[in-house]
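The values are calculated or read from the model by the stated rules, or taken from the named source; none is laboratory data. Remember, it's a predicted structure, so these values are computed and weren't measured experimentally. All Cβ positions, glycine included, derive from the backbone under ideal geometry; neighbour counts span all protein chains shown. Side chains included, ligands, DNA and RNA excluded: accessible areas come from the protein's heavy atoms. Shrake-Rupley method; radii C 1.70, N 1.55, O 1.52, S 1.80 Å.
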Amino acid sequence: MNADLPHAASGRISYLDFLKGFSVLWVVLMHVHYEYDPGCMPSWITLPYYMPIFCFVSGVFFREKPWHELIAAKARTLLVPFLTFYLFTLLLYKLHELLLALHQEIGFRPFTDSLFGPHAVYSYQVLNGALWFFIGLFCITLLYAFLKKFLSPIMTVGASLACSLAGLFLWARPEYNPITPLFPLSHILYFLIYFTLGALYGKKLLQLVENGHSKFLLLLCIIPVVLINAGYGLLPWMRLLPYMAWQMVCSACFIAFSLLCAKYLDGVKLLRLLRFYGKNSLIVFATHMPIFGLYYHAWFKTNTFGKIGFFILFLGIEYLLILFFNRCCPRLIGKRPQ
């Protein structure tokens, strides 16, 4: 970590780990709400601020390098883990399928059918949906580096914003985005602006967070978030712009607000476990969908501890997976052996 960032001497910024831990668990709850138990979560779970936080924080740590070094570094930390968790997902589903086949509940299909059969690329049994972020962040990083090389900072922001609006257009029209999830073009374009803001202005924002005199200013950032979300359903003129266009403004404001909150909540002992999950957020991000996909509904068929019980079990499983990957195969998840 560079010395121009707060707490650089300690090797990490603890409240950023805390914020990533909060955000990745927010992602988990959002997927439960949409994919596994529709409508089971409060409405605020669906507010789209978790991925902008991830992209902003990733941008904060961007460092300019020669192209070959940048591509090699990002391939090691993003593409290699993508392949690792791709195979992990496949093995987990095939093991589950084999166990069911042994109980004669279903027939067992060979691996080649899963890898190369019809619609294999789109099957969550092969590629869980959350893995888009690894390829997406790889492409976002290279796209930002390309823009930054040829444009001024202000022009880079303008170009990134134009890309994000184009991504918003594609997102609303999936027929123009046929290669998702292996190359999530709409996501790459849409989230580019947050990475750009983090890379260009992230350090200045962290300095404001560290400056006690700026607390009130950062707290004011939550006001546009509240007003826009409250007014969108009440004021007809606001609907002239798409909902997600308004949420781009909200996301930028919420990032500043969440950084300030994380700075002070990080010291609460009961919440420090979030820092652990934040340090290993990519593992949680990559493995939560297979776990929920396989075991969420089965849990309620055989258990009476409900959603909270399953979530506690989920955190325990993720804890064990984090220990396993970090200790047994760190290079396969983009980390250096310690």
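Observations
- The largest accessible area among 266, 37 belongs to the first residue in 37, 266, and the rest follow in falling order (1.4 Å probe, all chains).
- Accessible surface of the range 225-337 [probe 1.4 Å, protein heavy atoms]: carbon and sulfur percent: 71 percent
- Its alpha carbons give the range 186-338 an Rg and a Dmax of 19.8, 56 Å.
- In Å², nearest 10: area of residue 169 left accessible to a 1.4 Å probe: 100 Å²
- Ranking 243, 264 by solvent-accessible area of protein heavy atoms (1.4 Å probe, all protein chains present), from largest to smallest, gives 264, 243.
- Length added when fully stretched, residue 272-residue 73, from 0.36 nm per residue minus Cα-Cα: 68.7 nm
- The accessible area of residue 281, taken with all protein chains in place and a 1.4 Å probe, comes to roughly 10 Å².
- Maximal additional length on extending the residue 237-residue 213 stretch stands at 5.0 nm, based on 0.36 nm per residue less the C-alpha distance.
- Anchor residue 149: lysines whose Cα lies under 26 Å away (excluding residues fewer than 8 positions away in-chain): 65, 74, 203, 204
- With all protein chains modelled, accessible area of residue 228 [1.4 Å, Å²]: 20 Å²
- P(r) tail for the range 26-97: Cα pairs beyond 16 Å make up 69% of the total.
- Calculated diffusion of the range 219-296, Stokes-Einstein form, Kirkwood radius summed over Cα pairs, 25 °C and 0.890 mPa s, µm²/s: 160 µm²/s
- Extension gain, residue 46-residue 313: 0.36 nm per intervening residue step, less the Cα-Cα distance, totals 93.8 nm.
- Taken along the Cα-to-beta-carbon direction at a fixed 7 Å, the label points for residue 223 and residue 324 span 5.0 nm.
- Taking all protein chains together and a 1.4 Å probe, the residues 213, 96, 33, 68 rank 213, 68, 96, 33 from largest to smallest accessible area.
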